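Accompanying notes for the structure given below.
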Amino acid sequence: MARDTLITVPGLSSILHARVPSHSLCVLGVSLGLALAAPGCASRYKSDANSPAYAAQAKISVKLNKTGNREVKIQINHLAPPQKIDPASRAYVAWIAVPGSPPVKAGVLEYNDRRRRGVLSATTPNPKFEVVVTLEQSVRPTAPSSTEILRKLVSKI
């Protein structure tokens, strides 16, 4: 015969008490564990930028969404305006680089002069990739320039 267990829900202890068979607790625990490990978990990475953007600090967040794709959020703080680094430069562009394939443009970082910050959100189906940020003379480059300010390997989450 299964033994019942009294469960008290934190914060609702005066409102909700329930008698649940102990085998249901195992199912509940396993289900909750799987739900927490599924979509919604994010991996976070930090990295300092490379020359010529020495002071910049990057935060990259990768989250698995419901469709199995990875949502990538890039935020680079203390980032000088592109024109200050090179007068011909117009933008910072992020690329997704997968081993064995040419880099794919993820997008142009939205740059805020006042906050000296660049941000971008993008999506990729790849479980393992590098985030590469380059300084570009055009907002529509077809390939990354040689002026790479950030390269960070993002592992499978």
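Working carefully through the options Pro103, Pro87, Pro82, find the one that is surrounded by fewer than 15 Cβ atoms within 10 Å (Cβ to Cβ) and out of contact with any His (no Cβ under 6 Å at 6 or more places or on another chain). Write out each step before concluding.
Numbers: Pro103 fails: surrounded by fewer than 15 Cβ atoms within 10 Å (Cβ to Cβ); Pro82 fails: surrounded by fewer than 15 Cβ atoms within 10 Å (Cβ to Cβ).
Pro87 is the lone residue from the list that is surrounded by fewer than 15 Cβ atoms within 10 Å (Cβ to Cβ) and out of contact with any His (no Cβ under 6 Å at 6 or more places or on another chain).
Answer with yes or no whether Arg70 is more than 22 Å from Ser155 (Cβ to Cβ) and not polar (S, T, N, Q).
Working: more than 22 Å from Ser155 (Cβ to Cβ): no; not polar (S, T, N, Q): yes.
No: the conditions fail for Arg70.
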(message) Please list, ordered by residue number, the strands (runs of 3 or more DSSP E) wholly in the range 66-144 having 2 or more residues that are among the polar types (S, T, N, Q) and at pLDDT 95 or above.
(response) 70-77, 117-124
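The values are calculated or read from the model by the stated rules, or taken from the named source; none is laboratory data. Nothing here was measured: the structure is a model prediction, and the numbers come from that model. Reconstructed Cβ throughout: ideal geometry from the backbone, glycine too, with neighbour counts over all protein chains shown.
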